[in-house]
Amino acid sequence: MASKDEHLALSSGIGLAGIAVSNFEDCSYEAFWVFKEEIIGCIVKPTRMTAIHYYLYFYQDIEDELHKLCDAFDAEWIYNFIIRTLDELNIHPELGEPDFENCSSAYGHNDCECNKAIEKWKGFIIDNQEEINKLIIHAAFQFIFQNRKFLFDFHLELARFIEEHMGEIERKYPDYISQKKRVKRQYFPEWLKLAVFYRDKGTCSQCRCDLSHLIRVQNTKHIDHIIPLNMFGSNDASNFQLLCESCNTSKGAKIISTSSVNAPFWNL
Ligand SMILES: [Zn+2]
Ligand SMILES: [Zn+2]
């Protein structure tokens, strides 16, 4: 079954994804620490909330962002930011609009009717911050999940964290850890198989051969761990790619690779 259509806050999401990718080298370790419990819960078997989502939580805080913007921008800018953000999230509260045109205040909007109106909008954001943060993270994930190169770097770093915390992971999830102290292979849920297949456009992530069965029916598709389990890779839902049989066999369990090869909307 394909996923349901949703409103995705792609503009907010692309901003968050950019911040998360560009700060990865400096902040990943701290982020893994802050969300250690949640991340350990993601890696033993595929879940819809992934380690990437928690990594994004490290940066996403709409209340904090709003406070910083309020220090830097004027009231009209803030109001437009709030409106744009909520509209994109498809959230439409019934709050009064500030009437900037007929404002009585001579200097900014500090003590006027529009200020009161904006305070209500800010209050709405703060009261609903949990939901707003979640929706922006969901949107940012849509971009990050397409970036196999970043997923590779992310899971390589996460593998080091897993190796370091293997004792703790095993105590918490003994059934999911092998004798060799690695995360055990798990069954792939249907939603994950579909996501990986569509993300990789029905082609092998290495050699780009067709795996849709529309061109060659003989090619079998494999869901591959980008960072293998024996190298402390995990079953986090963002650690998978589509491979053909021959690339999967030749990759072996010790060589790790992905590639940024992709099918653009058009070529330049
Ligand atoms: Zn005013
Ligand atoms: Zn291949």
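Please treat every number below as a calculation from the coordinates, not as lab data. Fair warning: this is a prediction, and the values are worked out from it, not measured in the lab. Ideal geometry is used to build each Cβ from the backbone, glycine not excepted, and the neighbour counts take in all protein chains shown.
Summing +1 for each Lys or Arg and -1 for each Asp or Glu, what net charge is found among the other residues whose Cβ lies under 11 Å from the Cβ of ASN262?
Working: positive: ARG148, LYS149, ARG199, LYS201, ARG208; negative: ASP200.
Combined, the nearby Lys, Arg, Asp and Glu give +4.
With label points built 7 Å along Cα→Cβ from the Cα atoms of GLU245 and GLU30, find their separation and express it in nm.
In this crude spin-label approximation the distance works out to 4.9 nm.
What does the net charge come to around GLU168 if you take all other residues with beta carbon closer than 13 Å to its beta carbon, with K and R at +1 and D and E at -1? Can you show the working numbers first?
On the way: positive: LYS36, ARG171, LYS172, LYS181; negative: GLU37, GLU163, GLU164, GLU170.
Residues near GLU168 contribute 0 overall.
For the chain, build the charge dipole from Cβ charges (+1 Lys, Arg; -1 Asp, Glu) around the Cα centre, then report which of TYR29, SER246, SER260 sits farthest towards its positive end.
It is SER246, whose Cα lies furthest towards the positive end.
Could you please rank TRP121, TRP33, TRP266, placing first whichever residue has the fewest other Cβ atoms within 10 Å of its Cβ? Present the calculation step by step, with values, prior to reporting the outcome.
Numbers: TRP121 21, TRP33 12, TRP266 5.
Lowest to highest Cβ neighbour count: TRP266, TRP33, TRP121.
Compute the distance in nm between two label points, each set 7 Å from the Cα along the Cα-to-Cβ direction, one at HIS67 and one at THR220.
5.6
Counting other C-beta atoms within 10 Å, which of ILE19, ILE162, ILE144, ILE62 has the fewest, and how do the rest follow? Walk me through the numbers before you get to the answer.
Numbers: ILE19 15, ILE162 27, ILE144 23, ILE62 20.
Fewest to most other Cβ atoms nearby, the residues stand as ILE19, ILE62, ILE144, ILE162.
For ARG160 and GLN142, calculate 0.36 nm times their separation in residues minus their Cα-Cα distance, and state this gained length in nm to one decimal.
Numbers: separation 18, 0.36 × 18 = 6.48 nm, distance 2.49 nm.
So the extension gain works out to 4.0 nm.
I need the peptides 22-28, 152-158 ranked by packing, meaning the mean over residues of other C-beta atoms within 10 angstrom, with the highest value on top.
Details: 22-28: 13.4, 152-158: 21.1.
Answer by packing, highest mean first, reads 152-158, 22-28.
How big is the C-alpha Rg of the chain next to the rule-of-thumb value 2.2 N^0.38 Å, as a ratio? Before the final figure, lay out each step's value.
Working: Rg = 22.4 Å, N = 268, 2.2 N^0.38 = 18.4 Å.
Taking N as the residue count of the chain, the ratio is 1.22.
Would you mind getting me the FRET efficiency between SER105 and CYS207? Use the beta-carbon distance for r and R0 = 51 Å, nearest 0.05. Each step should come with its number before you reach the end.
Details: r = 65 Å, r/R0 = 1.28.
Between SER105 and CYS207 the formula returns 0.20.
Gain in length, HIS7 to ILE126, computed as 0.36 nm per residue apart minus the alpha-carbon separation, to one decimal in nm?
Details: separation 119, 0.36 × 119 = 42.84 nm, distance 2.09 nm.
Net length gain for the segment: 40.8 nm.
Could you check how many percent of all C-alpha pairs in segment 1-61 are farther apart than 19 Å?
40
Which residues' amide hydrogens lie under 5 Å from the amide hydrogen of ALA237, considering only partners 5 or more residues apart or on another chain, with H built in the peptide plane?
Sorted by chain and number, the residues that satisfy this are THR47, ALA51.
In Å and from the alpha-carbon atoms only, list the Rg and Dmax of segment 1-110.
Reported Rg and Dmax, both Å: 18.5, 60.
If each DSSP helix of 4+ residues adds -39,500 (n - 2.57) and the sum is divided by the residues in the chain, what number results at 222 nm, nearest 500 deg cm²/dmol?
On the way: 12 runs with 136 residues, N = 268.
The per-residue figure over the chain is -15500 deg cm²/dmol.
Under the definition of Cα pairs under 8 Å and six or more residues apart, what whole-number percent is the relative contact order of the chain? Present the calculation step by step, with values, prior to reporting the outcome.
Values: 346 pairs, mean separation 65.1, N = 268.
Taking the mean separation of contacting Cα pairs over the length of the chain, I get 24 percent.
What ranking do LEU69, LEU214 get, fewest neighbouring Cβ atoms within 10 angstrom at the top?
Numbers: LEU69 13, LEU214 8.
Neighbour counts put them in this order, fewest first: LEU214, LEU69.
Using amide H atoms built in the peptide plane, which far-off residues or other-chain residues are under 5 Å from LYS184 H to H?
Hits under the 5 Å cutoff: ILE177, SER178.
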